[in-house]
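Here you go, one structure.
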């Protein structure tokens, strides 16, 4: 009887350890550049499902540049408020010139309430993480990073075909709705 109880106890401990290890590994599976201070993460597929289940209570924010939103496509319900703007040319390091949107938090506060459920998307999940950290510092608490973004992560050939909104089966469009498109006014 004691051996049986000991076996059951050891088996229970092993299962608890396995569950804890699995939970920790799934948290650390998110790359550092996609992690946020709020620690709320969702895939594009899950984000669309969440939106479908409660469209009136779920907001989708696209923080890519206006050009990305317009020419690459976007989720049809996504509000575009760019975290950064794209300027013509390259800087001395041969990188894109992308100055920050100085009115980003003001624009967010005009559009959303602090307790709204906001799902934030960029191209692949890194800019949206930086955006969420800014939003959280302004008092927003229920903000999720769509960790695979609109275009998704790169495959072995460097193409963004692995996941993301456009590869998840969620709807996307090039059509523009004036109330969703960023306007600096």
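For residue 84, only one of the following conditions fails: (1) modelled with pLDDT under 95; (2) farther than 14 Å from residue 62 by Cβ; (3) touching a strand residue (DSSP E or B) at 6+ places or on another chain (Cβ under 9 Å). What is its number?
The failed condition is (2).
If I filter the stretch 115-123 for residues that are surrounded by fewer than 24 Cβ atoms within 10 Å (Cβ to Cβ), more than 22 Å from residue 86 (Cα to Cα) and free of Cβ contacts under 8 Å to residues at least 24 places away in the same chain, do I get at least one hit?
No, every residue in the stretch 115-123 fails to be surrounded by fewer than 24 Cβ atoms within 10 Å (Cβ to Cβ), more than 22 Å from residue 86 (Cα to Cα) and free of Cβ contacts under 8 Å to residues at least 24 places away in the same chain.
Let me confirm something: among 65, 36, 43, which residue is at pLDDT 95 or above and touching a helix residue (DSSP H, G or I) at 6+ places or on another chain (Cβ under 6 Å)?
Residue meeting the stated conditions: 36.
I've got another one for you. One residue is enough: does the stretch 98-111 have a residue meeting the conditions closer than 18 Å to residue 173 by Cβ, out of contact with any strand residue (DSSP E or B) (no Cβ under 7 Å at 6 or more places or on another chain) and exposed (fewer than 12 other Cβ atoms within 10 Å of the Cβ)?
no
Kindly indicate whether residue 147 is assigned by TED's automatic domain parsing to the domain that holds residue 83 and more than 12 Å from residue 63 (Cβ to Cβ).
yes
Checking residue 181 against (1) in contact with a helix residue (DSSP H, G or I) (Cβ under 6 Å, 6 or more places away or on another chain); (2) surrounded by fewer than 17 Cβ atoms within 10 Å (Cβ to Cβ), only one condition comes out false. Which one?
The failed condition is (1).
Could I ask something else about it? Could you go through the stretch 109-118 and let me know if any residue there is in contact with a helix residue (DSSP H, G or I) (Cβ under 8 Å, 6 or more places away or on another chain) and outside any strand (DSSP E or B).
Scanning the stretch 109-118 turns up no residue that is in contact with a helix residue (DSSP H, G or I) (Cβ under 8 Å, 6 or more places away or on another chain) and outside any strand (DSSP E or B).
Hey, residue 129 hits all of (1) more than 23 Å from residue 32 (Cβ to Cβ); (2) touching a residue at least 12 places away in the same chain (Cβ under 8 Å); (3) in a helix (DSSP H, G or I) but one; which does it fall short on?
(1)
Filtering the stretch 126-148 down to residues that are more than 14 Å from residue 82 (Cα to Cα) and crowded, with 19+ Cβ neighbours inside 10 Å, which residue is farthest from the chain's Cα centre (by Cα)?
The qualifying residue farthest from the chain's Cα centre (by Cα) is 140.
The values are calculated or read from the model by the stated rules, or taken from the named source; none is laboratory data. Owing to the predicted nature of the structure, the values given are computational and were not obtained by experimental measurement. Every residue, glycine among them, receives a Cβ derived from its backbone with ideal geometry; neighbour counts consider all protein chains shown.
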